[in-house]
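The values are calculated or read from the model by the stated rules, or taken from the named source; none is laboratory data. This is a predicted model, so every value here is computed, not measured. Note: ideal-geometry Cβ built from the backbone for every residue, glycine included; neighbour counts use all protein chains shown.
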Amino acid sequence: MANNEYLPGQRWVSTTEADLGLGIVVENTGRLVEIAFPAAGERRTYAIDQAPLSRIVYREGEQVTSIDDVTITVMGCEADEYGILHYAGTTDEGDSVLLAETELDSFVRFSKPQDRLFSGQIDKNRHFELRAETLRLKHRLIQSPAYGLIGGRVQPLKHQFYIANQVASRHAPRVLLADEVGLGKTIEAGLILHQQLIRGLAERALILLPDSLMHQWLVEMLRRFNLQFTILDENRCLDLQESGFENPFESAQLVLCPLSFLEEYPERREQAEAAGWDLLIVDEAHHLEWHEDLPSESYLCVEALAAAIPGLLLLTATPEQLGVEGHFARLRLLDPARYHDLNSYLEEESDYREVSDLVELMMQDTAASQIVAEPEKFSNMMEFLGEQATEKLLTELATGDADASKAAIDHAVSQLLDQHGTGRVLFRNTRDAIAGFPERKLTIHSLPQPTGWQALTEQAELEQQLRPESLLGDGWMELDSRVSWLTEWLEEHRSEKTLVICANASTAQALEERLRTRAAIRSSVFHEGLSLVERDRAAAWFADREADSAQALICSEIGSEGRNFQFASHLVLFDLPLNPDLLEQRIGRLDRIGQKNTVQIHLPAYEHSATEMLANWYHKGINAFETPCPAGLQLFDQLEQPLRFCLANAGNVEQDETFAALMETSQQLAEETRLRLQEGRDRLLELNSCQPAKAEALLEEFDEAEFTELMASYFNRVLDQFGVTRTDHSEACQVITPSAHMTVDSLPGLSEDGITVTYDREHALSREDVHLLTWEHPIAQGAMEIITDGEFGNTSLVTLHLPPLPAGSLLVETLYTLHCPAPKSLQLQRYLDTPYLRFVMNDAGKSLGHVLIESKLNKRVERIKTGKAREMLRHIQQPVEGLLLKSGALAKVEQQKLLDQALEKMHLSMDDEIERLVELAKVNPNIRAEEIEKLMADKETLQSFLQHATVQLDSLRVIVVV
């Protein structure tokens, strides 16, 4: 390493991403340096004062290769006036060559274990074994279909994982996520983004949100997926421009942005469009108003960004709630060429109904016998399934074999789902189709009105009547019967976790203090005035299973956003929101998949009050307490005026008939809406949104890939070898902290103060202050890269006592890995059958790897003290070098077999998928041409990279028999 000037043309290597190959300096701005990595087809920009780069200078005697595939042995080198090195050397034929470093081949690997070994850099044997284990684990992980899904702090649910896996595996996915409320669209989007990032299919993502959801998404992405987003608004953009960023949207890879901000500042919208994103995510997309002649400004803003960004995820209400025109408006954002005309789309939709009816018939238990006995019922099968597929189905059904018939029908149904409907661009699951939701039970606790309540409410606003503390004054806690009721109820249920939600932070604080100080109830408070850390601590104490943990968590309205408390089954609504969706959000904190008990909803309400009347309207008018009410806000909008009138006059006997009429109207509208939504359900779409057999298989792959016990054992050993301090924290948790004796500079994601971690997914789901350590957590990913991409453990010298082998003899164990600096997005490792080639050579040059298998050898070898090992090396270097040459020759022979197998596996996989999509495109216009073209291009690129691939020595262990 001659200097750190970063002059254009110089060759440098990334110390954190060695697989990128040999880089070349493109530009040095004084603050930033841009490096091109031709082998990987990528560029990186680094801050000069923190650049993880190392200058490459080859020594005399080393071999280098030019871009023209000319190999020379270096005899010396000199730098010219521009700082570029020129190597003087000779070819194998003896010709003298002068080679500038700008002409060096970029397909190189930089770590040479033999050089380290012979210079006395001998690693601990346990490091060598840990390196080999890490290579095996990384290979196992990348081979799994669940790769990219393991890292999220989420419950593995079939419908969410199925959607994520279907979408995330595509190039630049463009889909609409329209699951019913409570089924986790945000989690699905996070899973898709996380998998795309882990697999290298995306690097930069922009998320557009309503202002009210900014904090929720920021926390959700960080806590669930370890994704750190930057929030951009006008002030932040101005600060970034002052610090040197011409386009603030290029300052971060992951950005959250209020949609209103881009609407207000057109120049920022233009900068966002030009920033080169891979994926755009838009939440609450149903609020983008569109009419054929007059689209809204927000719609036009998203439309412009959607046209500039390859991938697009729209999170929206269900199609039935949007209406046909609104639903079509979302689809045209995904593919304006495909969805260009509303009338054409409506005609297409009518055909989908027929396919849906056919699928329903074929999914009946008696379908096989009916198709044979009553073929007229299935007369449109040939039209939708195709002649060849129909004939094949009928032939298989004619055998009479029940298992074969079921398999044939399942395959035919799968084909129909693949070929028809909007299932490729739209995913929609319903609570009816997803098992695992609990029952909900409402109890209204009727309480006496405070003295003078009627007089207080005569001139009060409705919102004040629904928040009695706002009318009762400073001494409200002594007057409010809800307070005494809550205190007594909690005292009677001390062993049960209870979530209490009220509208205002001040109410929550006052309640919690009273419960804690007056009734000695273990309680915690959670509101928007607390910092993120303070909120985490409050939620963690509530979630803790220990005997002295909090019995009750008293929340302001923010408690109904984002957090999940399904370990509790009691929910106290200290007041009622006037918005049905907000009520559902509150209940949704406990009504989650995984809730093992009935959700008990408690509502303390004054007799004959607005709260009691509103509760009756919610409960008996639109049934919003004991079942989810997806059309609740729609019904509220229709009936808001008469409802407000009745609530404002609650307790007035003269209004009883008016309220009774309102209840009758509400029940009728609610039933009509329910039936309309039910009739409008697209069963074809729902069936395609979660195919049970495929989803089940994916979860099995997830369980196998997660392998929690192995993760805990492996990572604890890694932390110990790195010198990271581990201390027990609580049940299933430990605290990991950097120490003064760490053997690595740092670990990504490990702060100076340390973090609390667990390997137990269930525990992490109830403790959001605890990190879930998985194979895909940034700390684990960083640790594994440090081990395999650097020099960690790539040399070792040990002794072995094994009677059949003569004392004093040598064994050289070598591990060879495939070196191919292909772009990460190609996932080339998927096609390799083995993580490495392993050879064990004896003195006679015979390979004993098949006899001295890895696991058994590891148990028998013993370490040698460093001083003695270095002394021993001086005597055995020559024979070791000879054995290395022989193992290298064997590796060259095996290399071609490995590459041939990889090419065959790649062709089978890619050809099958390309052929499937080409055939589907003939009948399903939702298959985009660019998706097929990208697959074809990837196939050619993979073939090219595999043809350039070579096996190179990754690590070696010298074994002296004693």
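Listing for the model above:
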quantity: Top-ranked residue in the stretch 938-951 [being under 28 Å from Phe839 (Cβ atoms) and crowded, with 18+ Cβ neighbours inside 10 Å; ranked as nearest to the chain's Cα centre (by Cα)]; calculated: Leu942
quantity: Helices (runs of 4 or more DSSP H) wholly inside the stretch 653-747 that include at least 3 residues being modelled with pLDDT of 90 or more and either outside the structural domain of Gln419 (by TED's automatic domain parsing) or within 30 Å of Ser144 (Cα to Cα) (or both); calculated: 656-680, 692-706, 708-722
quantity: Only listed residue being closer than 27 Å to Cys646 by Cα and under 44 Å from the mean Cα position of the chain (by Cα), chosen from Gln465, Gln509, Gln459, Gln449; calculated: Gln465
quantity: Flag if Phe437 is in a helix (DSSP H, G or I) and either within 30 Å of Gln160 (Cβ to Cβ) or not basic (Lys, Arg) (or both); calculated: no
quantity: Extreme residue, modelled with the lowest pLDDT, among residues of the stretch 872-883 that are surrounded by fewer than 12 Cβ atoms within 10 Å (Cβ to Cβ) and over 12 Å from Val958 (Cβ atoms); calculated: Arg874
quantity: Residue match in the stretch 136-143 (condition: in a loop (DSSP other than H, G, I, E, B) and not polar (S, T, N, Q)); calculated: no
quantity: Residue list for the stretch 162-182, filter: in a loop (DSSP other than H, G, I, E, B), buried (at least 24 other Cβ atoms within 10 Å of the Cβ) and among the hydrophobic types (A, V, I, L, M, F, W, C); calculated: Ala178
quantity: Counted residues, the stretch 689-713 - those being touching a Lys or Arg at 6+ places or on another chain (Cβ under 7 Å) and among the hydroxyl-bearing types (Ser, Thr, Tyr); calculated: 1
quantity: Those residues of the stretch 6-29 which are on the phi > 0 side of the Ramachandran plot, more than 30 Å from the chain's Cα centre (by Cα) and either buried (at least 18 other Cβ atoms within 10 Å of the Cβ) or modelled with pLDDT under 80 (or both), in sequence order; calculated: Tyr6
quantity: Residues located in the stretch 68-125, provided they are polar (S, T, N, Q) and either assigned by TED's automatic domain parsing to the domain that holds Glu881 or within 46 Å of the chain's Cα centre (by Cα) (or both); calculated: Thr71, Thr102, Ser106, Ser111, Gln114, Ser119, Gln121, Asn125
quantity: Selection within the stretch 204-220 - touching a helix residue (DSSP H, G or I) at 6+ places or on another chain (Cβ under 8 Å) and at pLDDT 95 or above; calculated: Ala205, Leu206, Ile207, Leu208
quantity: Residue list for the stretch 638-652, restricted to those being at pLDDT 90 or above and either among the acidic types (Asp, Glu) or not in a helix (DSSP H, G or I) (or both); calculated: Glu640
quantity: Subset of the stretch 847-871 that is part of a strand (DSSP E or B) and in contact with a Leu (Cβ under 7 Å, 6 or more places away or on another chain) - its residue that is surrounded by the most Cβ atoms within 10 Å (Cβ to Cβ); calculated: Val861
quantity: Looking only at the stretch 521-547, and only at residues there that are out of contact with any helix residue (DSSP H, G or I) (no Cβ under 9 Å at 6 or more places or on another chain) and part of a loop (DSSP other than H, G, I, E, B), the one that is nearest to Trp476 (Cα to Cα); calculated: Ser531
quantity: Failed item in (1) farther than 30 Å from Glu203 by Cβ; (2) exposed (fewer than 12 other Cβ atoms within 10 Å of the Cβ); (3) at pLDDT 80 or above; (4) of a type in the set (S, T, N, Q), with Asn3 passing the rest; calculated: (3)
quantity: Residues of the stretch 759-776 classified as assigned to a loop (DSSP other than H, G, I, E, B) and buried (at least 19 other Cβ atoms within 10 Å of the Cβ), total; calculated: 9
quantity: Candidate set: the stretch 720-736, residues that are β-branched (Val, Ile, Thr) and surrounded by fewer than 17 Cβ atoms within 10 Å (Cβ to Cβ); chosen: the one nearest to the chain's Cα centre (by Cα); calculated: Val735
quantity: Strands (runs of 3 or more DSSP E) within the stretch 552-620 that include 1 or more residues more than 21 Å from Asn652 (Cα to Cα) and of a type in the set (S, T, N, Q); calculated: 599-606
quantity: Tally, over the stretch 252-290, of residues that are out of contact with any helix residue (DSSP H, G or I) (no Cβ under 8 Å at 6 or more places or on another chain) and of a type in the set (S, T, N, Q); calculated: 1
quantity: Top-ranked residue in the stretch 834-851 [being touching a helix residue (DSSP H, G or I) at 6+ places or on another chain (Cβ under 8 Å) and of a type in the set (D, E, K, R); ranked as farthest from Leu903 (Cα to Cα)]; calculated: Asp843
quantity: Boolean, Ile207 is surrounded by fewer than 21 Cβ atoms within 10 Å (Cβ to Cβ) and either farther than 28 Å from Gln829 by Cβ or among the β-branched types (Val, Ile, Thr) (or both); calculated: no
quantity: Scan of the stretch 748-758 for residues that are in a loop (DSSP other than H, G, I, E, B) and within 19 Å of Gln721 (Cα to Cα), ordered by number; calculated: Pro748, Gly749, Leu750, Ser751, Glu752, Gly754
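Condition check ((1) within 24 Å of His86 (Cα to Cα); (2) among the small types (Gly, Ala, Ser); (3) in contact (Cβ under 8 Å) with a residue 12 or more places away in the chain; (4) not assigned by TED's automatic domain parsing to the domain that holds Gly89) across all residues:
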{"residue": "Ile24", "(1), (2), (3), (4)": "yes, no, yes, no"}
{"residue": "Glu27", "(1), (2), (3), (4)": "yes, no, yes, no"}
{"residue": "Ala39", "(1), (2), (3), (4)": "yes, yes, yes, no"}
{"residue": "Gln50", "(1), (2), (3), (4)": "no, no, no, no"}
{"residue": "Gln63", "(1), (2), (3), (4)": "yes, no, no, no"}
